[in-house]
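Comments concern the structure below.
The values are calculated or read from the model by the stated rules, or taken from the named source; none is laboratory data. From a predicted model like this one, the values you see are computed outputs, not experimental measurements. A quick note on method: Cβ atoms are made from the backbone with ideal geometry, for glycine too, and the neighbour counts reach across all protein chains shown.
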Amino acid sequence: MSGRIPQSFIDEVLNRTDIVELIDTRVPLKKAGREFKACCPFHTEKTPSFTVSQVKQFYHCFGCGEHGTAITFLMDYEHMEFVEAVEELARRAGLEVPRETGVVQNRTPSTLPHYALLERVADYYQEQLRTHPQADRAVEYLKQRGLTGEVAARFNIGFAPPGWENLAAALDADDTVHKQLLELGLTIERDTGTSAYDRFRDRIQFPIRDRRGRTIGFGGRVLDDSTPKYLNSSESPVFHKGQELYGLFEARKAVRNLERILVVEGYMDVVALAQFEINYAVATLGTATTHEHLERLFRTVPEVVFCFDGDRAGREAAWRALENTLPVLRDGREARFLFLPDGEDPDSLVRKIGKEALEQQIATATHLSDFFFERLATQLDINSIDGRARLVTLAKPLLAKLPDSTFRQLMVEQLAGLAQTTPDLIAGRLEIPPPTDTPPPLQKPAPARQSGQKSPVRQALELLLYQPSLATDISQPAFLQHCDVAGVPLLIEVLELLQQQPELNTGALLEHWRGRKEDRSLYQLARWTPPLDNLELLADLQGHLNEIQRQYIENRIDFLDTEQGHRQLSSTEKQEYGELLIQSHSVRQH
């Protein structure tokens, strides 16, 4: 059933979920004061820094920074999509997931029949591999590559027989199916516009599946030396080459806790490695590794190893992959590069040296940092001042792509060592672009606070995230609607939501901001806990609201005072000025 899942149902399923129970079945937890602890499942550590709050229904790792709700945990730990995670929590709670009619989750209605048709096509290709009169050639080819029937079945490998209009005939296609086949790139319209012919003919067929296991396209390989050697489905409503990876679904299914993914070039490499029980290889779909590919990979595993030919072309491709990887490398993520001997590919090499030896090479592949500096240094004479200066010039724009992290700091230090200069000089010259979502400056900045002092808005939000029920015991001050202090619009939204839905816990509250620019800030604020028990939290919240009001009044009075020096205030402004002076006196009394 299609349609958007109502937010009210997401709130309900989170209120019925105990995040401690959910996580404990996967990562054993131990009680530690008011919270539960374990070694983090998202990075390697010896001392537990992964904490789970039963009160907040929220987890956070102080080691790697991972955090979230029960939904986030299933998405990160089980590699589920958002909808899958909600459906799993609903199943555990014994609830049926409702859908809002007229609104589709993630996909437009027109794409839904495409998945069913693609499954029919995949079944057709597999059936042809078993029954077509010319399938013996395909079967013999697969046997020569050393593939067993078990592996071929695991990857749903099939055969597109020779001929020009097999698909339409096999599917008994009507006008609608003909149109869908064209949209999916499985057939190609003839120049006359009166008919279409099959894109894949006389090829081994590799179904490409998304993270949910749905067939979204195909890759076909020739049985001889004709070209193109590999042919992929064209872009379609459900298939986007720059976002999908062949074999990722199969890898997640085969390995319960993936720690590493090997990125190779072709479908046969993925399948051949799986034949040798190296079940963590994926392939890009005829494109360079994109930002979307890398984010998906690093969301799945902490380490990605790129496999390339060792020749000049392979190293150029590796350098492009390195450049694309830099913007997504943050602490806890690692990239390596494995360069193959001349004339070898992963398929041939694993057959020559065996699984154990190849996995040893994968495990000791070149670190990104080593490849980075070796590549730059080999182009220059770093024994000369000119060469070292040129090294810095070449490295600066690349290092500027790295997110602010310990890794970037260490890369800067390494560059400084090679250039025989100081890290501060290098870091000072990095052209770090400003954040794209930096909010515009306030028209009148709030008074400067002492270093380390939290703003009253931040403290009010921390209290509401720690104990959401506080919102029901306080009325929203009217002045907030006119206050131009940073963070106040978010505070208003949180107060209004909690007053409308007082049953929300912290985890359910945070889910209302999933995907919005404020979600990261709210997650950080949700980490706060009071230093002592039994504090007067309600009085503290009221005090912070009073302080926001005081700052607003004083800022507004200062503004009107300044304006009076340049012009005559309007009658409305004069009335406001008098009311503000009275309010200022009243607030100070509190």
Out of (1) surrounded by fewer than 16 Cβ atoms within 10 Å (Cβ to Cβ); (2) modelled with pLDDT under 95; (3) more than 30 Å from CYS64 (Cα to Cα), what's the single condition that is false for ASP347? (1)
Pick from segment 1-37, criterion of a type outside the set (D, E, K, R) and more than 24 Å from VAL86 (Cα to Cα), ranking: farthest from the chain's Cα centre (by Cα): GLY33
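Is one or more of the residues making up segment 44-52 outside the structural domain of LEU504 (by TED's automatic domain parsing), closer than 30 Å to PRO113 by Cα and either modelled with pLDDT of 90 or more or in contact with a Leu (Cβ under 9 Å, 6 or more places away or on another chain) (or both)? If you could, list the steps in order and put the result at the bottom.
Let us first name the residues in segment 44-52 that are outside the structural domain of LEU504 (by TED's automatic domain parsing), namely 44-52.
Filter once more, so that each one left must be closer than 30 Å to PRO113 by Cα: none.
Scanning segment 44-52 turns up no residue that is outside the structural domain of LEU504 (by TED's automatic domain parsing), closer than 30 Å to PRO113 by Cα and either modelled with pLDDT of 90 or more or in contact with a Leu (Cβ under 9 Å, 6 or more places away or on another chain) (or both).
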For segment 323-342, check the following and say yes or no: at least one residue is at pLDDT 95 or above, crowded, with 20+ Cβ neighbours inside 10 Å, small (Gly, Ala, Ser) and under 29 Å from the mean Cα position of the chain (by Cα). yes
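Results for (1) farther than 17 Å from GLY417 by Cα; (2) touching a residue at least 24 places away in the same chain (Cβ under 8 Å), shown as yes or no for each residue.
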{"position": "ASP309", "(1), (2)": "yes, yes"}
{"position": "LEU329", "(1), (2)": "yes, yes"}
{"position": "LYS352", "(1), (2)": "yes, no"}
{"position": "ARG375", "(1), (2)": "no, yes"}
{"position": "PRO403", "(1), (2)": "yes, yes"}
What about THR72, is it buried (at least 21 other Cβ atoms within 10 Å of the Cβ), not aliphatic (A, V, I, L, M) and either not assigned by TED's automatic domain parsing to the domain that holds LEU510 or not in a loop (DSSP other than H, G, I, E, B) (or both)? yes
List the residue pairs whose Cβ atoms are under 9 Å apart, where the first residue sits in segment 141-154 and is within 10 Å of LEU129 (Cβ to Cβ) and part of a helix (DSSP H, G or I), the second is among the small types (Gly, Ala, Ser) and modelled with pLDDT under 90, and the two are 6 or more positions apart or on different chains. LEU142/GLY149
Give me a count of the residues in segment 401-412 that are of a type in the set (A, V, I, L, M, F, W, C) and either in a loop (DSSP other than H, G, I, E, B) or over 26 Å from ARG333 (Cβ atoms) (or both). 1
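From the set of residues in segment 143-190 that are of a type outside the set (Gly, Ala, Ser) and at positive phi, which is surrounded by the most Cβ atoms within 10 Å (Cβ to Cβ)?
Filtering segment 143-190 for residues of a type outside the set (Gly, Ala, Ser) gives 143-145, 147-148, 150-151, 154-157, 159, 161-162, 164-167, 171-172, 174-184, 186-190.
Then drop every residue that is not at positive phi, which leaves 156, 172.
Working: ASN156: 18, ASP172: 7.
Looking at the filtered set, the residue picked out is ASN156.
What residue, of ASN106, ASN166, is at pLDDT 90 or above and among the polar types (S, T, N, Q)? Spell out how you get there, then give the answer.
Values: ASN106 fails: at pLDDT 90 or above.
After applying the criteria, what remains is ASN166.
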Could you tell me which of the residues LEU398, LEU358, LEU415 is surrounded by 14 or more Cβ atoms within 10 Å (Cβ to Cβ), assigned by TED's automatic domain parsing to the domain that holds LEU340 and either in a helix (DSSP H, G or I) or free of Cβ contacts under 8 Å to residues at least 60 places away in the same chain (or both)? LEU358
Which of the residues spanning segment 1-32 are under 19 Å from GLY507 (Cβ atoms), assigned to a loop (DSSP other than H, G, I, E, B) and not acidic (Asp, Glu)? ILE5, PRO6, ARG16, THR17, THR25, ARG26, VAL27, LEU29
Any residue in segment 266-278 that is closer than 21 Å to MET75 by Cα and of a type in the set (S, T, N, Q)? no
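Only one of these is at pLDDT below 85, within 25 Å of ASP198 (Cβ to Cβ) and of a type outside the set (Ser, Thr, Tyr): GLY247, GLY266, GLY286, GLY220. Name it. Lay out the reasoning, then the answer.
Numbers: GLY247 fails: at pLDDT below 85; GLY266 fails: at pLDDT below 85; GLY220 fails: at pLDDT below 85.
Checking each option against the conditions leaves just GLY286.
Within segment 292-308, how many residues turn out to be out of contact with any Pro (no Cβ under 9 Å at 6 or more places or on another chain) and more than 18 Å from CYS64 (Cβ to Cβ)? Give the derivation first.
First, pick out the residues of segment 292-308 that are out of contact with any Pro (no Cβ under 9 Å at 6 or more places or on another chain): 292-293, 295-306, 308.
Filter again for more than 18 Å from CYS64 (Cβ to Cβ), leaving 292-293, 296, 305-306, 308.
Residues meeting the conditions: 6.
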Would you please name the residue that is modelled with the highest pLDDT, looking only at residues in segment 418-431 that are closer than 12 Å to VAL392 by Cβ and part of a helix (DSSP H, G or I)? LEU418
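Return the residues of segment 53-85 that are of a type in the set (A, V, I, L, M), over 23 Å from PHE249 (Cβ atoms) and modelled with pLDDT under 90; say none if nothing qualifies. Show your work before the answer.
The first filter runs over segment 53-85 and keeps only residues of a type in the set (A, V, I, L, M), leaving 55, 70-71, 74-75, 80, 83, 85.
Within this subset, residues satisfying the condition of being over 23 Å from PHE249 (Cβ atoms) are 55, 70.
Selection gives VAL55 alone.
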Here are some conditions: (1) of a type in the set (A, V, I, L, M, F, W, C); (2) without any contact (Cβ under 8 Å) to a residue 24 or more places away in the chain; (3) within 27 Å of GLU66 (Cα to Cα). ALA321 meets all but one. Which one does it not meet? (2)
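For every residue, the table says whether it meets (1) closer than 19 Å to GLU259 by Cβ; (2) surrounded by 19 or more Cβ atoms within 10 Å (Cβ to Cβ).
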site	(1), (2)
PRO6	no, no
LEU29	no, yes
SER53	no, yes
GLN57	no, yes
HIS60	no, yes
GLY68	no, yes
GLU78	yes, no
GLU87	no, no
ARG91	no, no
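Can you tell which of GLU503, GLU511, GLU462 is among the charged types (D, E, K, R), exposed (fewer than 15 other Cβ atoms within 10 Å of the Cβ) and either in contact with a Leu (Cβ under 6 Å, 6 or more places away or on another chain) or at pLDDT 85 or above (or both)?
Within the list GLU503, GLU511, GLU462, the selection yields GLU503.
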Which of the residues spanning segment 14-72 are in contact with a Pro (Cβ under 6 Å, 6 or more places away or on another chain) and farther than 29 Å from GLU96 by Cα? LYS37, ALA38, CYS39
